[in-house]
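All remarks here apply to the structure that follows.
The numbers here are math on the coordinates, done by the rules we state, and not lab data. Small disclaimer: the values here were computed from a predicted structure and weren't measured. Neighbour counts run over all protein chains shown; Cβ positions are idealised from the backbone, glycine included.
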């Protein structure tokens, strides 16, 4: 297992797929990283050299990933809750935030709901 940005990424998968194991990096950004560094995206991670791994690690630090991104998302939600806007109230009550129906759907939101006055 190779450790990149604090996450163990799998050795036996392609570089594109294994980079998506890092929170905040999806298919588009992983393809972009591989094309910027001229790394074959269908190469297995275990076949990468140490120099290529170091280049990937340095390039990932240009993006918000893992702890920084999670912290930013939590602060955004906390800000919405603090100003008592509609979305913040929905977050606080544990209901769907983006206008989904609640009569028939949203069982998972309602299941974990905490009652707050």
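Can you tell me the 0 to 90 degree angle between the C-alpha axis of helix 66-82 and the longest principal axis of the chain, rounded to 10? Rounded to the nearest ten degrees, it is 20. Please work out the C-alpha center-to-center distance from the stretch 1-38 to the stretch 83-109 and express it in whole Å. The distance from the Cα centre of the stretch 1-38 to that of the stretch 83-109 comes to 33 Å. A protection proxy built from the mean count of other Cβ atoms within 10 Å ranks the segments 60-68, 13-21, 96-104, most packed first, as 13-21, 60-68, 96-104. Relative contact order of the chain, taken over Cα pairs closer than 8 Å and 6 or more residues apart, is 18 percent. Normalised radius of gyration (Cα atoms, divided by 2.2 N^0.38 Å) for the chain: 1.44. For the stretch 2-60, the relative contact order comes to 35 percent (Cα pairs under 8 Å, sequence separation of at least 6).
Please give the helix 27-36 orientation as an angle from the longest Cα principal axis of the chain, in degrees from 0 to 90, rounded to the nearest 10. Once rounded, the angle reads 30 degrees.
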